[in-house]
């Protein structure tokens, strides 16, 4: 097995591509060792004290490192853990509720629900694929008085360029297609 790596716009996060499907649907994010306890792959990665976060998607995973360590010294041990995990025939435990906060159900007016539906369509068709290429994910949280609240995950969370992406890219696109949108804000920056 050969595992490719790619840099991401976030210098603290590296993208790993094992060349196979990791989980069949959804994404899993683990920001602490305790969060990772119930996920077999994330738990193994967090054994390394320099791992600060793990994000698992359909065909890639990203690992975020702690400050003060460079990728040259950390990358070989992370690659070894991932390679051993898949070479042994392990499957990732993929309970989608792991690493995810439960979303509250919001009842929108008919007009606002139409806007939310348009936002979801744009996120799914245009924005999420681009964000996934950079090792991250973006989720709709809520719409409130024309302000769209989004959650940035994976390499996008904590990325120095995420504010530019959010404001110059995503906000401009959403405003172009949905004039009722006033602004876009991240809930986890």
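Please go through (1) at pLDDT below 90; (2) surrounded by 19 or more Cβ atoms within 10 Å (Cβ to Cβ); (3) within 27 Å of residue 3 (Cα to Cα); (4) in contact with a strand residue (DSSP E or B) (Cβ under 7 Å, 6 or more places away or on another chain) for residue 128 and return the number of the only condition it doesn't satisfy.
That leaves (2) as the condition not met.
Output the number of residues of segment 167-188 satisfying the condition of being within 19 Å of residue 129 (Cα to Cα) and within 14 Å of the chain's Cα centre (by Cα).
The total comes to 1.
Does segment 102-117 contain at least one residue that is touching a residue at least 40 places away in the same chain (Cβ under 8 Å), within 26 Å of residue 35 (Cβ to Cβ) and buried (at least 16 other Cβ atoms within 10 Å of the Cβ)?
no
Would you pick out the residues in segment 155-168 that are surrounded by fewer than 17 Cβ atoms within 10 Å (Cβ to Cβ) and in a helix (DSSP H, G or I)?
Within segment 155-168, 163, 164, 167, 168 qualify.
Would segment 151-168 turn up any residue that is over 18 Å from residue 10 (Cα atoms) and not assigned by TED's automatic domain parsing to the domain that holds residue 28? So that I can check it myself, show each step before the final result.
So the first thing to find is which residues in segment 151-168 are over 18 Å from residue 10 (Cα atoms), and the list is none.
Checking segment 151-168: not a single residue is over 18 Å from residue 10 (Cα atoms) and not assigned by TED's automatic domain parsing to the domain that holds residue 28.
Out of 92, 184, 147, report the one residue that is at pLDDT 90 or above and touching a helix residue (DSSP H, G or I) at 6+ places or on another chain (Cβ under 6 Å).
Numbers: 92 fails: at pLDDT 90 or above; 147 fails: touching a helix residue (DSSP H, G or I) at 6+ places or on another chain (Cβ under 6 Å).
Exactly one of 92, 184, 147 is at pLDDT 90 or above and touching a helix residue (DSSP H, G or I) at 6+ places or on another chain (Cβ under 6 Å), namely 184.
Which numbered condition trips up residue 34, out of (1) modelled with pLDDT of 90 or more; (2) under 21 Å from residue 87 (Cα atoms); (3) surrounded by fewer than 20 Cβ atoms within 10 Å (Cβ to Cβ)?
That leaves (2) as the condition not met.
The values are calculated or read from the model by the stated rules, or taken from the named source; none is laboratory data. Treat the numbers as computed from the prediction; the structure is a model and nothing was measured. Every residue, glycine as well, gets a Cβ built from its backbone with ideal geometry; the counts of neighbours run over all protein chains shown.
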